[in-house]
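Asks: Below is one structure. I have some questions about it.
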Amino acid sequence: MSSYPILDQKDTRSGFGAGLLELGRSNPNVVGLCADLTGSLKMDAFQKEFPERFFQVGIAEANMMGIAAGMTIGGKIPFTGTFANFSTGRVYDQIRQSIAYAGKNVKICASHAGLTLGEDGATHQILEDIGLMRMLPGMTVIVPCDHNQTRQATIAIAAHEGPVYLRFGRPKWPVFIPNELPFEIGKAQRLIEGTDVSLFACGHLVWRTLQAAEELKKNGVSAEVINVHTIKPLDVDAVLASVGKTGCVVTCEEHNRYGGLGDAIAQALATHKPAPQEYVAVNDSFGESGTPDQLLQKYGLDVPDIVNAVGRVMKRK
């Protein structure tokens, strides 16, 4: 049992929907755009309450990005909604040219990310999106860990000037972040203090990492768990402070091992303070159909995989 109790079981996409509705009530400049997936993105409550500020563009994701970029010129704050695969890979040129290069204040909100999309299979389980978006100049990349934090992040990005990629998921997942725990873009959260190893995680794997820390504790290993909800800009100070104490690192993410959180941490360490590091991530492959739990186990992203990675990295200290 984690030291962070389960408060509820909710999908992170519902946290996005709740945050968007709150924004709609507090900020008249917030508008929603969706590519024929309103129910899946939980944007239906916003659509119902603010029909004049919601735009259903159909299965035309590239067009949606262009419309969103144009709306910013009139002072609107557009939130685009579709699956992560269609929010990035399908429309990368439009995001690069019309949003990132132009510096437009568009919030790209991407659901159904990673392996935990489950039965929809490899064509929908994008595992490269964090890397794609990290590389775009000026793009902020946020991967919240549960329903409450996704709601907080959705609200926070409306006040942030500039393009944002917000990545969340489909399945019901433990809710464990208290609403009173502050969320700040670019500031990692230390959830458990430890001295033997630093565990950096994002998204759904934060919960798995907390569970792994409890298992490690039974074996006398003190693991520090840090929720890196903002991949870019990375909280380098938090990374260095933790690694300076523990001397070794395991990064945990629902993403390809190339280009994601692990590489962001590795880059910071290589630049400032080299330390042994192990990756818990998908090992350069596509996914497949299966339940979220089955896929996390098969692709090496489960609690035992984190525990084993800690064993390997501590031998390298």
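Only the coordinates and a few stated rules stand behind these numbers; no lab work does. Computed from a predicted structure; not experimentally measured. Here the Cβ is made from the backbone with ideal geometry for all residues, glycine too, and neighbour counts use every protein chain on show.
Asks: Quick one: residue 33 ticks every box in (1) farther than 30 Å from residue 226 by Cα; (2) under 19 Å from the mean Cα position of the chain (by Cα); (3) not hydroxyl-bearing (Ser, Thr, Tyr) except a single one, so which number is it?
Replies: Unmet for residue 33, out of (1) farther than 30 Å from residue 226 by Cα; (2) under 19 Å from the mean Cα position of the chain (by Cα); (3) not hydroxyl-bearing (Ser, Thr, Tyr): (2).
Asks: Looking only at residues that are among the β-branched types (Val, Ile, Thr), touching a residue at least 60 places away in the same chain (Cβ under 8 Å) and crowded, with 22+ Cβ neighbours inside 10 Å in the range 187-227, which one is nearest to residue 138 (Cα to Cα)?
Replies: Looking at residues that are among the β-branched types (Val, Ile, Thr), touching a residue at least 60 places away in the same chain (Cβ under 8 Å) and crowded, with 22+ Cβ neighbours inside 10 Å, I get 206.
Asks: Ok, one more. Being aliphatic (A, V, I, L, M) and under 15 Å from the mean Cα position of the chain (by Cα) is the filter; apply it to the range 231-264 and report the residue that is farthest from residue 148 (Cα to Cα).
Replies: 264
Asks: Now, a different point. I'd like to check something: does the range 203-214 contain any residue that is of a type in the set (A, V, I, L, M), in contact with a Ser or Thr (Cβ under 7 Å, 6 or more places away or on another chain) and over 15 Å from residue 149 (Cα atoms)?
Replies: yes
Asks: Scan the range 234-242 and tell me whether some residue there is touching a helix residue (DSSP H, G or I) at 6+ places or on another chain (Cβ under 7 Å), in a helix (DSSP H, G or I) and surrounded by 22 or more Cβ atoms within 10 Å (Cβ to Cβ).
Replies: Yes.
Asks: Can you report the number of residues in the range 139-177 which are part of a helix (DSSP H, G or I) and in contact with a Gly (Cβ under 6 Å, 6 or more places away or on another chain)?
Replies: Of the residues in the range 139-177, 5 are part of a helix (DSSP H, G or I) and in contact with a Gly (Cβ under 6 Å, 6 or more places away or on another chain).
Asks: Can you pull out every residue in the range 194-230 that is more than 22 Å from the chain's Cα centre (by Cα) and part of a loop (DSSP other than H, G, I, E, B)?
Replies: 194, 195, 196, 219, 220, 221, 222 - these are the residues of the range 194-230 that are more than 22 Å from the chain's Cα centre (by Cα) and part of a loop (DSSP other than H, G, I, E, B).
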